[in-house]
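Here's the structure we're looking at; comments come further down.
What follows draws every value from the coordinates through simple rules; no lab data is involved. Just so it is clear, the structure is predicted and the values come from calculations on it, not from any experiment. Every residue, glycine as well, gets a Cβ built from its backbone with ideal geometry; the counts of neighbours run over all protein chains shown.
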Amino acid sequence: MIQRLFKSVDNAPLVLFRIFFGLVFVFESFGALSTGWVKHNLVEPRTNFTFIGFEFLLNLMGEYMYVHFAIMGVFALFVTFGFKYRFSIIAMTIMWAAVYFMQKTSYNNHYYLMMLVGLIMSFLPAHKFASIDAKLNPSIKKNYMPNWILLVFIIQITCVYFYATVAKFYPDWLDGTVTSNMYTSMKKFPSFSELFKNHYFHLAIAYIGIAFDGLIVPALLWKRTRVFAVLLSLVFHISNSITLEIGVFPYFALALCVFFFPPDQITKPFFWNKKPLNDETPALDFESKKIFQYFFVPYLIIQILLPIRHWFIKGDVLWTEEGHRLSWRMMLRSRTGYARFHVVDKATGERVLFKLDDFYNKKQRKRINTPDMIWQAAQYIKSEYAKEGKDVSVFAVSSYVSINKKPGCQLIDPEVDLTTVEWSHFKHHDWILLLKCSEDSSSRKVINSNLPLKVITP
């Protein structure tokens, strides 16, 4: 087993993926600048919802972010061409991680995956061939790598698709409710409007999604179905790109397919002048044994275990969101709602309704329907009053949330001062009300998710 892990194989898949990966970041970096994404999410907002514990990253917000993305795009070009590779990939990954952790308003699973793959690539010798580094320093040039590199990527990709499959086994996905919400209101393709409203179409898309996520990795691993699986991936991801507008992820996912092919099959079409492995090639490559043993083994264990943490947290993750992030729970539900905060001055007892409009933009206010963001908003409100020398309590007196366009229920206990409770990533918070209201309950409210969300303010 050990010998198989460290067997020398052609490094063509890793080298080719380095080029694809760099290009993905080039388009992501400069695309975010050209489309105004950076402006609307990181420059204009007064504040942002960071990952809890990363509030210090708010210091980067503002016009500096234009420079941040431009420099990151340059590093991505360096990665693509293999120039100063080690420094460039580490710098690019750190800069992307800063962007990822400094805002949750535009949270996306593929942002997370890009960060993880950047971390993986930081430890790998992807610049040993077809790179400027190898051109400038021929002594580093190699046409082989240890076999475990392929395994790391295969396990990482398996985690993504496996947990995405498992998460879809719940009633609203199985009965087509989620896919109905996705397609029924879609206005981009008027010619297909009738099809997009058809219940059987919704069911078909739902079960195709389960089948694709569950079977694509085995199909890529099996020689007889590998080419078909790649073609199916191409159709699946490109159609998602067109209809759902999910950025660079479809192309990123397609690039990862290179790790499922025998390395020599990647060499022939892409590096036709590359020398094949010969008798001079070491049979076993133990050069990076410590990296595999002390970094990648623990890393992969974490990747396998982290997505299941919500199974050990009280309540339904679809409702509480506790353990939702970093768990490959992709495009599973629609979530709408609003939060209204009362602020109580501890010195005078005066109670006022806090006006969110003065501090959060429309997009941010629409996202204040998850417990972590509601909790963060309460901490922010308290800090704003502290600037005026006031010590206040903050209550989410009205926090109605709807899942999959169903009537909404109160999410947060309105009697709990959110500034007095701590946040934990691995346990249930008692101030998050568990979903117990029935369809005819007076505790339910109808939330029209087809209209722009209006947050109630004083």
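General observations
- Put a dot 7 Å past the Cα of T184, heading toward its Cβ, do the same for I90, and the two dots end up 5.3 nm apart.
- Computed from backbone phi, the HN-Hα couplings of segment 85-97 come to 4, 4, 5, 5, 5, 5, 4, 4, 5, 5, 5, 5, 4 Hz, rounded to whole numbers (Karplus: 6.51 cos²θ - 1.76 cosθ + 1.60, θ = phi - 60°; Gly and Pro given as x).
- The three principal axes of the C-alpha atoms in the chain carry coordinate ranges of 82, 54, 42 Å, sorted with the longest axis first.
- Positive contributions from Lys and Arg (+1) and negative ones from Asp and Glu (-1), summed over other residues with Cβ under 10 Å from the Cβ of Y85, come out at +3.
- Three-way shape call for segment 157-261 based on the alpha-carbon gyration tensor, with the a/c threshold at 1.5: prolate
- Nonlocal amide H pairs with I412, under 5 Å, H built at 1.01 Å: S399, L433
- Karplus-derived 3J(HN,Hα) values for segment 370-376, using 6.51 cos²θ - 1.76 cosθ + 1.60 with θ = phi - 60°, are 10, x, 5, 6, 5, 4, 5 Hz; glycine and proline are entered as x.
- Reach of K275 by Cα under 12 Å, taken over aspartates and glutamates that are not fewer than 8 positions away in the same chain: D10, D264
- Taking amide H atoms as placed 1.01 Å from N in the peptide plane, the amide H of L284 lies under 5 Å from those of S8, each 5 or more residues away in sequence or on another chain.
- Whole-Hz couplings from phi, Karplus 6.51/-1.76/1.60, listed for segment 405-411; x for Gly and Pro: 6, 8, x, x, 10, 5, 9
- Ascending count of other beta-carbon atoms within 10 Å, so fewest first, for V297, V67: V67, V297
- Once the chain from W222 to I52 is taken as fully extended at 0.36 nm per residue, the excess over their C-alpha distance is 57.0 nm.
- Cross-link pairs K104/K187; K104/K387; K187/K363; K366/K390; K382/K406 - those with Cα-Cα distance over 22 Å: K104/K187; K104/K387; K366/K390; K382/K406
- Exposure proxy ranking for E63, E384, based on other Cβ atoms within 10 angstrom of each Cβ and starting from the fewest, stands as E63, E384.
- Counting 0.36 nm for each residue step from I291 to K39 and taking away their Cα separation leaves a gain of 86.8 nm.
- FRET efficiency estimate (nearest 0.05) - Cβ-Cβ, I71 to D413, R0 30 angstrom: 0.10
- Packing-based ranking, highest mean first, of 140-147, 356-363, 17-24, 47-54 given that Cβ atoms within 10 Å are counted: 17-24, 140-147, 47-54, 356-363
- By the count of other C-beta atoms within 10 Å, a proxy for reagent exposure, Y64, Y170 are ordered fewest to most as Y64, Y170.
- Taking 0.36 nm per residue of separation and subtracting the Cα-Cα distance, full extension of the segment from N198 to L284 would add 25.3 nm.
- For the peptides 241-251, 152-162, residues were scored by their other Cβ atoms within 10 Å and the scores averaged per peptide; the highest-first order is 152-162, 241-251.
- Segment 108-167 shape via C-alpha gyration tensor axes, a/c threshold 1.5: prolate
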